[in-house]
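Undergrad: Before I ask anything, here is the structure I am working with.
The values are calculated or read from the model by the stated rules, or taken from the named source; none is laboratory data. Only a predicted model underlies this, so the values are computations on that prediction, with no experimental measurement involved. Don't worry about glycine lacking a Cβ; one is built from the backbone with ideal geometry, like all the others, and counts go over all protein chains shown.
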Amino acid sequence: MITQWIAEYLEAQKRAVDSLKPAEIAGLVETLRTAWSADRQIFAIGNGGSAANASHFAVDLGKGSSDKLPRRFRVLSLTDNVAWMTALGNDYSYDEVFTRQLMNYAHKGDVLIAASVSGNSPNLVKAYEWARSQGLKTIALVGAKRGRLAELADQVVVIEDTHYGRVEDVQMHILHILCYAFMERPELARS
């Protein structure tokens, strides 16, 4: 019965949300606060649904959060320029679509945040290897498999599920928390 399946799906979704540790997310808020304070760039990346989450995050942090602060967040989703991504994928490889953009924009001390269910997408892993070599601060939101991103990132939040829909939904929970922390607690920018 579909009603039973929905109830089970929602229960599994609740378990995925309940796997989050508030202290880990608070650490991410502090990383963003520090980046804002130092006028650092924040980059967001992901593939598929996680790419959509990266775009959504950039909108909410760049507009919603920034509207509440005395100075704007500098945030960019590297998933949004289809022409540039396809040129990079075609001329180099799809594995380099984020790294090659970071080469144009990123500086030491900037922040790179990735959302990934598997934690093993080659284009994300390559971007994180490059980011580490360049002194960027890295955050990974990953599913229960963790993957290589969990090994490479400075800060990791693991969503204890492997279901793509549930993990991507919880990624968005986290990304919304990061944005709404500044929307609803703008005094964070004065700390």
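Undergrad: Check Ala35, Ala23 and return the single one that is outside any loop (DSSP other than H, G, I, E, B) and over 17 Å from Pro186 (Cβ atoms). Walk me through it before giving the result.
TA: Working: Ala35 fails: over 17 Å from Pro186 (Cβ atoms).
The match here is Ala23.
Undergrad: Check Pro122 against each of (1) exposed (fewer than 15 other Cβ atoms within 10 Å of the Cβ); (2) in contact with a Pro (Cβ under 8 Å, 6 or more places away or on another chain) and name the one condition it does not meet.
TA: Unmet for Pro122, out of (1) exposed (fewer than 15 other Cβ atoms within 10 Å of the Cβ); (2) in contact with a Pro (Cβ under 8 Å, 6 or more places away or on another chain): (2).
Undergrad: OK, next. Filter the stretch 67-123 down to the residues that are among the aliphatic types (A, V, I, L, M) and in contact (Cβ under 8 Å) with a residue 60 or more places away in the chain and list them by number. I'd like the intermediate steps shown before the answer.
TA: Residues of the stretch 67-123 among the aliphatic types (A, V, I, L, M): 69, 75-76, 78, 82-83, 85, 87-88, 97, 102-103, 106, 111-115, 117.
Selection gives Leu69, Ala106, Val111, Leu112, Ile113, Ala114, Ala115, Val117.
Undergrad: Picking from Val117, Val167, Val111, which residue would you name as being at pLDDT 95 or above, buried (at least 24 other Cβ atoms within 10 Å of the Cβ) and within 24 Å of Leu69 (Cα to Cα)? Reasoning before the result, please.
TA: Values: Val117 fails: within 24 Å of Leu69 (Cα to Cα); Val167 fails: within 24 Å of Leu69 (Cα to Cα).
Of Val117, Val167, Val111, the one residue that is at pLDDT 95 or above, buried (at least 24 other Cβ atoms within 10 Å of the Cβ) and within 24 Å of Leu69 (Cα to Cα) is Val111.
Undergrad: For the stretch 59-94, give me the residue count where each residue is assigned to a helix (DSSP H, G or I) and either among the aromatic types (Phe, Trp, Tyr) or under 17 Å from the mean Cα position of the chain (by Cα) (or both). Even if it seems obvious, please write down each step before you answer.
TA: So the first thing to find is which residues in the stretch 59-94 are assigned to a helix (DSSP H, G or I), and the list is 59-68, 82-91, 94.
Now drop any that are not either among the aromatic types (Phe, Trp, Tyr) or under 17 Å from the mean Cα position of the chain (by Cα) (or both), which leaves 59-65, 84, 94.
Number satisfying all stated conditions: 9.
Undergrad: Here's something else I'd like to know. Quick check on this structure: which one of Gln13, Gln4 is closer than 17 Å to Asp161 by Cβ, at pLDDT 95 or above and in a helix (DSSP H, G or I)? Quick ask: steps written out before the conclusion?
TA: Details: Gln4 fails: closer than 17 Å to Asp161 by Cβ.
Exactly one residue qualifies, and that residue is Gln13.
Undergrad: Further, regarding this structure: Consider the stretch 64-93. How many of its residues are under 30 Å from Thr162 (Cα atoms), surrounded by fewer than 22 Cβ atoms within 10 Å (Cβ to Cβ) and touching a Ser or Thr at 6+ places or on another chain (Cβ under 9 Å)?
TA: Number of matching residues: 3.
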